[in-house]
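Have a look at the structure below, then the notes.
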Amino acid sequence: MTAEPLPSDDAEQARFFADAFGRLQQQVGRVIVGQEAVLEELMLAVAARGHAILVGVPGLAKTLMVSSFARALELEFRRIQFTPDLMPADITGAEVLHQDPASGERSFRFSPGPIFGNVILADEINRTPPKTQAALLEAMQERQVTAGGRRYPLPDPFFVLATQNPIEQEGTFPLPEAALDRFLFLIRVEYPSAGEEAEILRRTTGAEEPAIEPVLDAGQLLRLQQLVRSVPAADSVLEFAVALARASRPDDPTAPSFVRQWVTWGAGPRAAQGLILAAKARALLHGACHVAADDVRAVAPAVLRHRILLNFAAEAEGVGPDDVVARLLEGVEANRTTLDGERAAGIGS
């Protein structure tokens, strides 16, 4: 596959980016019915060089979506089925004793594990003990594996797409908040509509099997990821992202009363970084060459919902993280509008 040169004009770059990911979405759509919002969030996470968790009940094609996504990207795909007996070396690799057949000399050599791929599907990541989870999370953060005192870099691009089943929690090992914070997005996969479900039956119960053609290779994806970083964001957009993250912290002076009532821990600085990076990717995906506040608002639920820890009062009232994020968006937007009006009128200057 021949790599196309990136256009020099900002508007052309945005169109180039949107076209590339549009072709990617079209290919995955040959296999996956509906789930456009889920697929868009998946593409945004990858474009921003982030990792993502897909949460949904069994049978919603989470695994198929990730594998189809990897095939359309022409990247090396590895699936790791997480189980209670999985050990860290089972995913990272280990030093093994090797004997030279000619000389008979023995030495230890590193045997890479399945983590050495481009797209890693961590299936049911909460089914394995914390020690193994930690090994995966270290690879996610450092993009390398350490074994026998030596460091082994992981392929680039590299991203982990994990899945979780929100039911049947007995015998699982939920990821702690510090681990969840390593994921850029938590993507909710919902049931399909009646029409989509009928189309699923048509496609999956017939004799024909749709084929996916690769539309992006590793080099092209890396250049598109670099393009995301070059998208400009105005100070007002940066301030909006910071205000959202800070307002989610119950001990912050800007936190509204419902945050102090329902939230134990709020989003940290990594959340604000994620908001801006994901918003930059969304701007390009929709053909824009700069970030707007609407882009931040659109990615806020996926970036913040797993970074806000609710207390028992929220659970008792049936309040979820998405409810808190929705109210935060309303409150922070209202505060920005009021502040902008005061600045325009010269109040407080």
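Quick note: the coordinates plus some simple rules give every number you see, no bench work behind them. Quick caveat, the model's predicted, so the values are computed rather than measured. We place every Cβ from the backbone using ideal geometry, glycine too, and count neighbours over all the protein chains shown.
From least to most packed, judged by other beta carbons within 10 angstrom and beginning with the fewest, MET65, MET87 follow the order MET87, MET65. Ellipticity at 222 nm from helices only: DSSP H runs of n ≥ 4 in the chain, each -39500 (n - 2.57), divided by the residue count, give -14500 deg cm²/dmol.
Between THR264 and GLN141, the FRET efficiency from the beta-carbon distance, with R0 = 30 Å, is close to 0.80.
Placing a label point 7 Å from the Cα of VAL96 along the Cα-to-Cβ direction, the residues of segment 43-81 whose backbone N falls under 19 Å from that point are 78-81. Please work out the FRET efficiency for the pair ASP85 and GLU330, using the Cβ-Cβ distance as r and a Förster radius of 41 Å; give the result to the nearest 0.05. It comes out at approximately 0.30. Using θ = phi - 60° in the Karplus curve 6.51 cos²θ - 1.76 cosθ + 1.60, the 3J(HN,Hα) couplings for segment 70-75 round to 5, 5, 5, 8, 6, 10 Hz; x is entered for Gly and Pro.
The amide H of ILE308, built 1.01 Å from its N in the peptide plane, has no neighbour under 5 Å, considering only residues 5 or more places off or on other chains.
Summarised as an ellipsoid, segment 243-311 has semi-axes of 26, 10, 9 Å, derived from the eigenvalues of the Cα gyration tensor scaled by 5 and square-rooted, with the largest first. For the chain, averaging the sequence separation of C-alpha pairs within contact (under 8 Å, six or more residues apart) and dividing by the residue count gives a relative contact order of 21 percent. Once the GluC sites (Glu not before Pro) in DSSP loops with at most 14 neighbouring Cβ atoms within 10 Å are cut out of the chain, the longest remaining piece is 209-316. Approximating the spin labels as points 7 Å out from Cα along Cα→Cβ, the ARG203-to-TYR191 distance works out to 2.0 nm. Once you sort the root eigenvalues of the Cα gyration tensor of segment 231-349 as a ≥ b ≥ c, which label holds: rounded (a/c under 1.5), prolate (a/b larger than b/c) or oblate (the other case)? Oblate is the answer for segment 231-349, as a/c is 1.5 or above yet b/c matches or exceeds a/b. Here, P(r) means the percent of Cα pairs in each 5 Å bin from 0 to the largest distance; for segment 1-223 it is 1, 6, 13, 16, 17, 15, 12, 9, 5, 3, 2, 1, 0, 0. Overall shape: oblate for segment 188-241, with the ratio a/c of the largest to smallest alpha carbon gyration tensor axis at 1.5 or above and b/c at least equal to a/b. Each Lys or Arg adds one and each Asp or Glu subtracts one; over the other residues with Cβ under 13 Å from the Cβ of GLU196, this totals -2.
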